[in-house]
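Every read-out reported here was derived from the displayed coordinates using simple, explicitly stated rules and does not represent laboratory data. Nothing here was measured: the structure is a model prediction, and the numbers come from that model. Methodologically, a virtual Cβ is constructed for each residue, glycine included, from the backbone with ideal geometry; neighbour enumeration extends over all protein chains shown.
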Amino acid sequence: MSITTKPSSEFFTNSYAIASAKPTTEIIDFRPLNPEDFQAFRAIRLEALSGPDAKYFGASYEKESAQPDASWIERCRQTTEKALFGAFLSDQVVGVMAATKSDKHERTVLWGSVYLRPQHRNRHVAERLYQMRQQWSEARGLFDRAIFFIREGNERSTAIHVKNGAKVIGREEMDFADCSRGTALWFEKKLTAHGIT
């Protein structure tokens, strides 16, 4: 498998040609979501909360599936304090990560909503999304650290974050989307807040 960068003039927007076992090469576009993407985001979000990986999410499928279009549109709206980052294959979102300013901690951004469709795992897609989310978080000039939780036992997500310097700072018992109860490990990732140039 090989990945080649396709130059782009847009900030935090990149395209990668990902060669697979298929005869053709898939072009994966990486960019922040916007309000026009709300249906694609809703589809992958509800898939995450209702499938085998629901045990890793703290949100409720029943609650989120009942949200009106306006709520999904607002979630996709990028501001200086929040953004959703997507990996796009044509008009479908195949991977997503989020960053949102913390209301409880100063100069802290919350990372979450991490999900990648199974067929696109182990193909460096998650790494590209992670890089984009970190670059956005540091470019704001507002944050010195990111915090997020990962359910204990989610080795795939833990590995990519630890590889990029995140450290465990606490544990919490909580309910998850599959109605199970488990231990969430809270992580911290130090950031370099440099502002947009």
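Listed from fewest to most Cβ neighbours within 10 Å, the set V109, V114 follows the order V114, V109.
With n ≥ 4 as the cut-off for DSSP H runs, can you work out [θ] at 222 nm for the chain, using -39500 (n - 2.57) per run divided by the number of residues, rounded to the nearest 500? Spell out each step's value before the answer.
Numbers: 5 runs with 49 residues, N = 197.
Using -39500 (n - 2.57) per qualifying helix, the result is -7000 deg cm²/dmol.
What share of the DSSP beta bridges in the chain is antiparallel, in percent to the nearest 5? Present the calculation step by step, with values, prior to reporting the outcome.
Working: 44 of 47 bridges.
If we restrict to bridges inside the chain, about 95 percent are antiparallel.
Evaluated over the chain, the count of Lys pairs having alpha-carbon atoms less than 21 Å apart is 16 (only pairs 8 or more residues apart or interchain). Only Cα pairs under 8 Å and 6+ residues apart enter the sum, and on that basis the relative contact order of the stretch 88-197 stands at 26 percent. Apply the a/c threshold of 1.5 to the C-alpha gyration tensor of the stretch 32-190 and tell me whether it is rounded, prolate or oblate. Cα axes put the stretch 32-190 in the rounded bin.
First select every other residue whose beta carbon is under 11 angstrom from the beta carbon of D53; then total the charges, Lys and Arg +1, Asp and Glu -1.
+3
Distance between Cα centroids, the stretch 62-76 to the stretch 139-197: provide it in whole Å. So the separation of the two Cα centres works out to 24 Å.
Can you give me the relative contact order of the chain as a percent, contacts being Cα pairs under 8 Å and 6 or more apart?
Computed over the chain, the figure is 19 percent.
What the phi angles of the stretch 37-51 give under the Karplus curve with 6.51, -1.76 and 1.60, with θ = phi - 60°, is a coupling list of 8, 4, 5, 5, 5, 4, 4, 6, 5, 5, 4, 5, 7, 10, x Hz, glycine and proline written as x.
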